[in-house]
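A.B. asks: Here's a structure for you.
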Amino acid sequence: MDDSMRIARSELILGGQKSGKSRRAELLARSWLARSPAHQAVLIATAQPWDEEMRERIARHQQDRAERVPGMQTVEEPVQLAQAFASCSQPDTLVVVDCLTLWLTNLLMPVENHEQDRSRVLDPRAQIDMVLSAIENAQGPVVLVGNEIGLGVIPLGRETRAFVDALGRLNQDVAQVCTRVTFMAAGLPLALKGQS
């Protein structure tokens with residue numbers, strides 16, 4: 001087996017858009033499923049269909065994933081990520097989260113909260129801490145996908161800068177608890193922590 005496809009206890013896969021992050025996660029899931037008929041893989045999808053383009057994108061990802069990793073189940077959970085972990089994590093189950101960036105977006109900038117009671121808005125730090133604990137206490141292997149968006153110019157706008165900062169902190173926190181961190185560029189993995 002290719003060493004880059006060995007399953008770590010927990011792996012964070014970072015990279016830019018269309019860098020190969022999700023493809024690597026799918027390849028890891030396919031490798032996990034091929035090892036034993038008892039193995040299962042579950043994808044926790046965090047995307048929400050905000051508009052027609054996003055609905056089409058989600059449908060395309062679902063179709064591509066079904067072709068590449070036919071045995072992987074999908075659970076859609078845009079916000080309650082720690083709870084989804086708890087319900088999916090088993091010793092024989094690989095849990096893939098795709099992606100942390102959309103999850104943080106859903107947490108910090110919920111679309112439906114314009115008219116909602118503000119008391120229903122979740123505390124982002126508490127949610128992040130629960131996810132970090134879920135990663136550390138997972139019963140089986142975990143693969144998390146996220147965007148690295150802090151490599152460009154400093155964005156205009158206070159809210160955008162705040163989001164870039166929050167995502168950078170989230171990526172650092174998740175990297176600390178994961179046994180492996182991989183950076184993807186042009187479809188190629190670069191090991192940042194642990195062996196690739």
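A.B. asks: Normalised by the empirical 2.2 N^0.38 Å for globular proteins, what value does the Cα Rg of the chain take?
C.D. replies: 1.00
A.B. asks: Hey, if you drop one equal point scatterer on each alpha-carbon of region 22-84 and run the Debye formula without solvent, what base-10 log of I(q)/I(0) do you get at q = 0.12, 0.20, 0.21 Å⁻¹?
C.D. replies: Log-scaled intensity ratios, in q order: -0.33, -0.84, -0.90.
A.B. asks: To continue, here is another question. Helix-derived [θ] at 222 nm for the chain: sum -39500 (n - 2.57) over DSSP H runs of at least 4, divide by residue count, nearest 500?
C.D. replies: Calculated from helices alone, the mean residue ellipticity at 222 nm is -13500 deg cm²/dmol.
Every read-out reported here was derived from the displayed coordinates using simple, explicitly stated rules and does not represent laboratory data. As the structure is a prediction and not an experimental result, all values here were calculated from the model.
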